[in-house]
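The values are calculated or read from the model by the stated rules, or taken from the named source; none is laboratory data. Being a predicted model, the structure only gives us computed values, none of them experimental. We place every Cβ from the backbone using ideal geometry, glycine too, and count neighbours over all the protein chains shown.
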Amino acid sequence: MIEDDQAIRDSIKMALEFEGYNVFTAANGKEGIEVLQKMPRPCIILLDLMMPIMNGWDFVDTVEKDVVLATIPVVVVSAYSEGRTIKANGVIKKPVDLNALLNLVKKFCAKGKE
C-alpha cells in the first residue's frame, strides 16, 4: 500500500493483516518503488494519488517502464477523482468502504500472499 497519510495507511494495513494478508507499505511513490524492488512480487498495489515526493500518476508512469512491475495490478485508493486519468485495475474512493476494499483485494490476492 502506497499512502502518505499514516493513519489511513496503518488502519488499512491492520485490516488487511487481520484478514490474513501480508502487507508492505510506503509513504509516497518513490518509497513505493524502492520497497517493490526489495520485496517479493505483490499480488496488488493499493495506491493513493495525491502524495508528496512522487504522486500516484508519476508512480504508475514509472512502474509501467519496468517489465516485472508493470504486470502488478494497481487499485487506486483516493478521494481525488477529477482531471487526469490513470491506468488502474480498480478504484476505491475515500473514505474507504472496508468491505468494498476487502472484496477488491480478494479478487487479486490469496490470503497469506502480499
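From the list ALA100, ALA15, the lone residue that is over 13 Å from the mean Cα position of the chain (by Cα) and buried (at least 16 other Cβ atoms within 10 Å of the Cβ) is ALA15. Does VAL76 satisfy being in contact with a strand residue (DSSP E or B) (Cβ under 7 Å, 6 or more places away or on another chain) and within 14 Å of LYS30 (Cα to Cα)? Answer is no for this residue. Is there a residue being closer than 21 Å to GLY90 by Cβ, touching a Cys at 6+ places or on another chain (Cβ under 7 Å) and surrounded by 17 or more Cβ atoms within 10 Å (Cβ to Cβ) anywhere in the range 46-69? No: zero hits.
Among strands (runs of 3 or more DSSP E) entirely within the range 31-99, having at least 1 residues that are modelled with pLDDT under 90 singles out 74-78, 90-93.
Number of residues in the range 10-30 that are assigned to a loop (DSSP other than H, G, I, E, B) and of a type in the set (Ser, Thr, Tyr): the value is 2.
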